[in-house]
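The values are calculated or read from the model by the stated rules, or taken from the named source; none is laboratory data. Because the structure is predicted, anything quoted here is derived from the model rather than measured. Every residue, glycine as well, gets a Cβ built from its backbone with ideal geometry; the counts of neighbours run over all protein chains shown.
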Ligand code: GDP
C-alpha cells in the first residue's frame, strides 16, 4: 500500500471526542523520543504531519489523521517521560487506557521500541496489558540505521527471545524500520493494507 493522501482530522484527550466514523484505525504509541513522529512522517511522505518534538512528552493528545480517505492513523502520546508530573501521568494513563478499551474502530496498535535498547519493562508491561485486554498489536523497531547489520540482527533476536521467555508464546508481528533511511516502510504499510482489505 502507498499513502497518497493524509490529512490531520482532530486532536483531543477524550476518546468520546474522537472522530464519529466507522473507519478502521491503527494506532502508534511508544516511549517519548522513540521516533514516533519521524515514523509517521516517513509513512505518510510528509515532513511534519506529526510534530517531531524537541520537548518530548509535552503534548499529550490523541491525534487522528485520515489516510487515503479510507482509514485513520492515530498518533498517541509518548509515554514514560520522566519530567511529566505524577498527576499528568495518571491523567495520561486514564485517557489512553480509555482509548484502548473503548475505541471499537481500533484494529491494531503498533508499539514502537528503539532497536538499540534491550526490552524495557515500561514497554513489555504495556504489551502485556494490550494482550490481557485483547488488543492486537505489532512491534515497530525504530532507528535501525543506528546499528550495523550484525548488531541490528542480534538486538532483534534478543528482543524476540526475551518476549518468548516472558509471557508470550509467539512473537507478535514486528517491523524493523529506519525513518531516516526508509527501511520497513513498505512492510509496515503492506501489513496495514492487507488487514484493511480483509
Ligand atoms: P517521538 O518523540 O517519538 O515523536 O520522536 P521523534 O520522531 O521526534 O524522534 C526523536 C529523535 O530521534 C529525533 O532527534 C529524530 O531525528 C531521531 N530519529 C527518529 N527516527 C530516527 C531514525 O530512524 N534514525 C535516526 N538516526 N534518528 C531518528
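Things to note:
- Candidates 47, 69: the one that is out of contact with any strand residue (DSSP E or B) (no Cβ under 8 Å at 6 or more places or on another chain), exposed (fewer than 13 other Cβ atoms within 10 Å of the Cβ), closer than 27 Å to residue 189 by Cβ and at pLDDT 95 or above is 69.
- The single condition among (1) farther than 19 Å from residue 190 by Cα; (2) modelled with pLDDT of 95 or more; (3) within 16 Å of the ligand (Cβ to nearest atom) that residue 102 does not satisfy is (3).
Residue by residue, here is whether (1) in contact with a helix residue (DSSP H, G or I) (Cβ under 8 Å, 6 or more places away or on another chain); (2) more than 16 Å from the ligand (Cβ to nearest atom); (3) closer than 26 Å to residue 41 by Cα holds:
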position: 106; (1), (2), (3): yes, yes, yes
position: 114; (1), (2), (3): no, no, yes
position: 124; (1), (2), (3): yes, yes, yes
position: 130; (1), (2), (3): yes, yes, yes
position: 164; (1), (2), (3): no, yes, no
position: 176; (1), (2), (3): yes, no, yes
position: 181; (1), (2), (3): yes, no, yes
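- All positions within region 162-193 that are in a helix (DSSP H, G or I) and free of Cβ contacts under 8 Å to residues at least 24 places away in the same chain: 164, 165, 186, 187
- Residue 140 vs. criteria farther than 24 Å from residue 99 by Cβ and surrounded by 15 or more Cβ atoms within 10 Å (Cβ to Cβ): no
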